[in-house]
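Q: Got a structure here, written out as structure tokens. Questions coming.
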Amino acid sequence: MPSLQELIHKFEEGEGTKSITKLAILLAFVALLIVYNVREYRNFSSPEAMELSQLARNVSEGKGFTTQSIRPFSLAMVGSQRGEEKDDPMMLKQPHPDLTHPPVYPFVLSLWMKVMPFQYDIPSLRAENFRRYQPEVLISFLNQLFFIISGIVLFFLSRRLFDPSVAWLSTAVFFGSDVLWRFSVSGLSTMVSILFFIVLVACLVVMERASGASNEEGGADEDHEESEEVALRPGPRSVGWYVGIAAIAGLMIGLGVLTRYSLLWLLLPSLLFVGVFVKPHKVPVILTMLAVSLLVVAPWLVRNYQLSGALFGVSSYNVVMDTSGFPGDRIERTMSSNIGTADFSDYRRKLLANAPEIITEQLPTLGGSWLSMFFFVGLMIPFNNPGLRRLRFFAVACMGLLIVVQALGRTHMSEMSPLINGQNHLILLAPVLYMFGAAFFFTLLDQLTLPFDGARNVVILGVFMLVSSPLVLRLLPPRTTPIVYPPYSPPLIQEIGYWNDSEELMMSDMPWAVAWYGDRPCLWITRNIEPDFYKIHDQYAPIKSVYLTPLTTNRRFMSEVLKDSDAAWARFYMDVQLRQNLPKGFPLKYGHPGVMPDQLYVSDRQRWLPVFQE
């Protein structure tokens, strides 16, 4: 048994110092996690997050991949595919299948909902002083778990490619990114997608290094010792080993696509990387990656096509949305499935309109950290290790491709929740950029003549604090208000949703919130009242109530109410509120006397009373 003096020496100068350092880092991270969740947590603000959450709840309750947030365009697609001769052709009298979102994240979330004690009802005692919606807090915990796992994978990947210093700094910056923390509590699938992408990069690195190509000209850095270079040089691998790693890479791509459809484009640079830089068994590796990716994705695409006639359902038309012929949410609110395609000039105009903003506002501080700038400057400096050059080429190729994909796939949903949205694909590259940015920073630091011992650590700490300053400043007063109002007030939305029975259909301008908080089927308001509203109400399923919020009532009077052909419901609100006038023949005769000044609720009866009165 070691003596007390030996123990003291171990923790002061021996190997125990490393354990103490790691423990201090762990405690600091736990403290950051607690402080951030207490001070900076906000309820969901992204429509996509609410839709994904209510999808997961439906799956966890055995209702299948069905949605309560229903788009009129989804009705039209289903009706066109099923045919009018069928009973309930638009599937409004039964759970409506979701045709907008891929399934992986909702299924993962549904498992979490089965394990954790989710409480969807907001007690009346909590409604008055409401601050946080408990299910959203638990969903944030799951995403933060994926956040932590991604950081751990990044640490080991960067240590394998560079050295421990780069690994520690890149991981610290990853966990010090304000944008990534905001994504971790957003309810979006971003953290899962980042994890899939990092594992994909790791698979490509392993295959490239095993091929021996990365060791043709030396080690990872000219300062590495020969022994380290030999250690990095793998022995020959069998074709089965390559096929196994390729299968994992293909699985990551497939799962990524089933998390975000747009990530299917990552298959191109991945196959290009393998085809050019992985020498042994090239053909079986490429075929395995391609086959596994398509096999994972194909069943879901077949399901979408059978239900809607489009491989990606409603998302197939993202590239058409926000073009000159289909501005804003026009496609999603239309009752016609005959959309067609836009002209090439419309696609070019959309690309040229969105790409400059992405390049000037997102790229310079990609991932919310200035360390990304070191990546871009470092592009001018070649690595001695060809494997690092090739991986950086892969990152740049993915970046250029995702800029185009993000610009063309951007819709009005990005405007409703800027930056923190599911259409921000470039954020997936942040970990790789941090890794290369940290490597270039240390290259510059090694060339500096520092004035005193310990100055190197001071510089490293200073740079880390500088690039993490957005997160530090966010944690300072004033404290963030958790409730995202306008337009979302979870207690009010749940109360209004509960006025309807679980099988009755509502219509609202934010059906995602009614579906999530109110747990009721809710149809997005149609482009017009006549004929679309009456067509749904009279022919397919009765609409029992209409709920309008600041998304409609706070629109600009001249440009967005009077002149917009799709603003029929805004004009409806003005007629009801200002002139107490309902359209002739409108089936909903009862309006709540005072939900809120900027909101309107009309129904077929006085549902807000303890006993319905006709």
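The values are calculated or read from the model by the stated rules, or taken from the named source; none is laboratory data. Remember, predicted model here, so these are calculated numbers, not experimental data. So basically every Cβ, Gly included, is an ideal-geometry build from the backbone, and we count neighbours across all protein chains shown. For the accessible areas, the whole protein counts, side chains as well, though only heavy atoms, and no ligand, DNA or RNA atoms are used. Shrake-Rupley method; radii C 1.70, N 1.55, O 1.52, S 1.80 Å.
Q: Given the criterion of a type outside the set (D, E, K, R), in contact with a His (Cβ under 8 Å, 6 or more places away or on another chain) and closer than 24 Å to W181 by Cα, identify the matching residue among L371, L402, L363.
A: L402
Q: Mind listing whichever residues of segment 280-304 are open to solvent by 50 Å² or more (accessible area, probe 1.4 Å) and either closer than 18 Å to T259 by Cα or under 21 Å from the mean Cα position of the chain (by Cα) (or both)?
A: L290, L294, L295, P299, V302
Q: Mind listing whichever residues of segment 312-370 are open to solvent by 50 Å² or more (accessible area, probe 1.4 Å), hydroxyl-bearing (S, T, Y) and within 30 Å of L471 (Cβ to Cβ)?
A: T360
Q: Hey, among Q539, Q580, which residue is on the phi > 0 side of the Ramachandran plot, free of Cβ contacts under 8 Å to residues at least 24 places away in the same chain and of a type outside the set (V, I, T)?
A: Exactly one of Q539, Q580 is on the phi > 0 side of the Ramachandran plot, free of Cβ contacts under 8 Å to residues at least 24 places away in the same chain and of a type outside the set (V, I, T), namely Q580.
Q: Then there's this: Counting only residues that are part of a helix (DSSP H, G or I) and of a type in the set (S, T, Y), which one in segment 98-132 is nearest to I493 (Cα to Cα)?
A: Only one residue tops the list, namely S124.
Q: Those residues that are in contact with a Lys or Arg (Cβ under 9 Å, 6 or more places away or on another chain) and assigned to a loop (DSSP other than H, G, I, E, B), I need them from segment 27-63; list them, please.
A: Matches in segment 27-63: E40, Y41, R42, N43, K63.
Q: Which condition does R349 not pass, out of (1) in contact with a helix residue (DSSP H, G or I) (Cβ under 9 Å, 6 or more places away or on another chain); (2) modelled with pLDDT of 90 or more, if it passes all the others?
A: Among (1) in contact with a helix residue (DSSP H, G or I) (Cβ under 9 Å, 6 or more places away or on another chain); (2) modelled with pLDDT of 90 or more, R349 violates only (1).
Q: Is it true that some residue in segment 430-439 is in a loop (DSSP other than H, G, I, E, B), over 30 Å from M321 (Cβ atoms) and either modelled with pLDDT under 90 or within 24 Å of the chain's Cα centre (by Cα) (or both)? Don't jump to the end; show me each part of the working.
A: To start, the set of residues in segment 430-439 that are in a loop (DSSP other than H, G, I, E, B) comprises none.
There is no residue in segment 430-439 that is in a loop (DSSP other than H, G, I, E, B), over 30 Å from M321 (Cβ atoms) and either modelled with pLDDT under 90 or within 24 Å of the chain's Cα centre (by Cα) (or both).
Q: Also: Quick check on G400: is it closer than 27 Å to D343 by Cβ and either open to solvent by 20 Å² or more (accessible area, probe 1.4 Å) or not β-branched (V, I, T) (or both)?
A: Against the criterion (closer than 27 Å to D343 by Cβ and either open to solvent by 20 Å² or more (accessible area, probe 1.4 Å) or not β-branched (V, I, T) (or both)), G400 qualifies.
Q: Go through segment 495-509 and give me each residue that's part of a helix (DSSP H, G or I) and open to solvent by 30 Å² or more (accessible area, probe 1.4 Å). Quick ask: steps written out before the conclusion?
A: So the first thing to find is which residues in segment 495-509 are part of a helix (DSSP H, G or I), and the list is 495-498.
Result: E495, Y498.
Q: If I filter segment 576-610 down to residues being of a type in the set (S, T, N, Q) and in a loop (DSSP other than H, G, I, E, B), which single residue comes out as surrounded by the fewest Cβ atoms within 10 Å (Cβ to Cβ)?
A: It comes out as Q580.
Q: When both residues are 6+ apart or on different chains and their Cβ atoms are under 7 Å apart, which pairs have a first residue that lies in segment 101-115 and is crowded, with 21+ Cβ neighbours inside 10 Å, and a second that is outside any helix (DSSP H, G or I)?
A: P102/L258; P102/T259; P102/R260; V104/L258; V104/T259; Y105/S189; Y105/T259
Q: Contact list please: Cβ distance under 9 Å, first residue in segment 519-534 and of a type in the set (F, W, Y), second residue open to solvent by 20 Å² or more (accessible area, probe 1.4 Å) and not in a helix (DSSP H, G or I), pairs at least six apart or on different chains.
A: From residues that are of a type in the set (F, W, Y), the pairs are W524/D329; Y534/G585; Y534/P587.
Q: Closer than 24 Å to D501 by Cα and touching a Leu at 6+ places or on another chain (Cβ under 9 Å): which single residue out of Q599, Q577 fits that description?
A: On the way: Q577 fails: closer than 24 Å to D501 by Cα.
Sole residue among the options that is closer than 24 Å to D501 by Cα and touching a Leu at 6+ places or on another chain (Cβ under 9 Å): Q599.
Q: Quick check on segment 222-239. Is at least one of its residues open to solvent by less than 10 Å² (accessible area, probe 1.4 Å), at pLDDT below 95 and over 28 Å from I148 (Cβ atoms)?
A: No: zero hits.
Q: Test I139 against the stated conditions and say whether it is in a helix (DSSP H, G or I), among the β-branched types (V, I, T) and loosely packed, with under 15 Cβ neighbours inside 10 Å.
A: It is false that I139 is in a helix (DSSP H, G or I), among the β-branched types (V, I, T) and loosely packed, with under 15 Cβ neighbours inside 10 Å.
Q: Within segment 37-69, can you find the residues that are aliphatic (A, V, I, L, M) and either under 30 Å from P470 (Cα atoms) or open to solvent by 10 Å² or more (accessible area, probe 1.4 Å) (or both)?
A: Listed by number, the residues that qualify are V38, A49, M50, L52, V59.
Q: Right, another one. Any idea which of (1) surrounded by fewer than 20 Cβ atoms within 10 Å (Cβ to Cβ); (2) within 25 Å of the chain's Cα centre (by Cα); (3) under 26 Å from P470 (Cα atoms) is the one S417 doesn't satisfy?
A: (1)
Q: Scan segment 288-330 for residues that are within 30 Å of G275 (Cβ to Cβ) and either in contact (Cβ under 8 Å) with a residue 60 or more places away in the chain or of a type in the set (D, E) (or both) and report the count.
A: Result for segment 288-330: 5.
Q: Which condition number in (1) under 20 Å from F440 (Cβ atoms); (2) modelled with pLDDT under 90 is the one that E128 fails?
A: Against the list (1) under 20 Å from F440 (Cβ atoms); (2) modelled with pLDDT under 90, E128 comes up short only on (1).
Q: If I filter segment 461-479 down to residues being in contact with an Asp or Glu (Cβ under 9 Å, 6 or more places away or on another chain) and in a loop (DSSP other than H, G, I, E, B), which single residue comes out as farthest from L371 (Cα to Cα)?
A: Only one residue fits best here, namely R479.
So that you can scan it fast, the table gives a plain yes or no per residue for (1) in a strand (DSSP E or B); (2) open to solvent by less than 40 Å² (accessible area, probe 1.4 Å); (3) basic (K, R):
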position	(1), (2), (3)
T481	no, no, no
P486	no, no, no
I493	no, yes, no
A513	no, yes, no
P531	no, no, no
K544	yes, no, yes
S565	no, no, no
M574	no, no, no
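Residue-wise test of (1) among the β-branched types (V, I, T); (2) in a helix (DSSP H, G or I); (3) out of contact with any Gly (no Cβ under 7 Å at 6 or more places or on another chain).
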position: W265; (1), (2), (3): no, yes, yes
position: L272; (1), (2), (3): no, yes, yes
position: V276; (1), (2), (3): yes, yes, yes
position: P284; (1), (2), (3): no, yes, yes
position: T288; (1), (2), (3): yes, yes, no
position: P299; (1), (2), (3): no, yes, yes
position: R303; (1), (2), (3): no, yes, yes
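Q: Suppose we keep only residues that are polar (S, T, N, Q) and under 30 Å from V459 (Cα atoms) within segment 151-197. Which one would you say is surrounded by the fewest Cβ atoms within 10 Å (Cβ to Cβ)?
A: This residue is S165.
Q: Scanning for something more than 22 Å from N318 (Cβ to Cβ), of a type in the set (A, V, I, L, M, F, W, C) and touching a Pro at 6+ places or on another chain (Cβ under 6 Å), does segment 99-121 turn up at least one residue?
A: Checking segment 99-121: at least one residue is more than 22 Å from N318 (Cβ to Cβ), of a type in the set (A, V, I, L, M, F, W, C) and touching a Pro at 6+ places or on another chain (Cβ under 6 Å).
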